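Structure first, then comments.
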Amino acid sequence: VLASLPLQMMLYFNAYFFPVWCLAEGMMLQLKYHLLPQHYQFLLVAAFLILSLAEGSRLYLGYVGNLQEK
């Protein structure tokens, strides 16, 4: 069984676009942060952190799993 080339290509491009998304999302969060109520501020920061950690771990596990054929 060989590693999946289409999956590896998608992971490769996603690894380059993820920091761009993270930067853009962080800038938008900073711009609208002070305009929101306190509970929305907390929810936005929590969602941003959870999505960033989940995407980073998904990319890492995808690379490792695809290259080791798991």
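In this rough spin-label picture, where each label sits 7 Å from Cα along the Cβ direction, the Phe13-Gln41 distance is 3.9 nm.
In the chain, the longest principal axis of the Cα atoms and the axis of helix 5-33 are about 10 degrees apart.
Decide, for the chain, between rounded, prolate and oblate: order the square roots of the alpha carbon gyration tensor eigenvalues as a ≥ b ≥ c, take rounded if a/c falls under 1.5, and otherwise choose prolate if a/b is larger than b/c, else oblate.
Details: a/c = 5.79, a/b = 2.71, b/c = 2.14.
Because a/c hits 1.5 or more and a/b exceeds b/c, the chain counts as prolate.
Residue order by solvent-accessible surface for Met10, Met27 is Met10, Met27, largest first, with ligands and nucleic acids left out and a 1.4 Å probe. Angle of helix 38-67 to the longest C-alpha principal axis of the chain, folded into 0 to 90 degrees and rounded to 10: 10°.
The values are calculated or read from the model by the stated rules, or taken from the named source; none is laboratory data. Quantities reported herein were computed from a predicted structural model and do not represent experimental measurements. Cβ atoms come from the backbone with ideal geometry, glycine included; neighbour counts cover every protein chain shown. Only protein heavy atoms, including side chains, enter the accessible area calculation; ligands, DNA and RNA are left aside. Shrake-Rupley method; radii C 1.70, N 1.55, O 1.52, S 1.80 Å.
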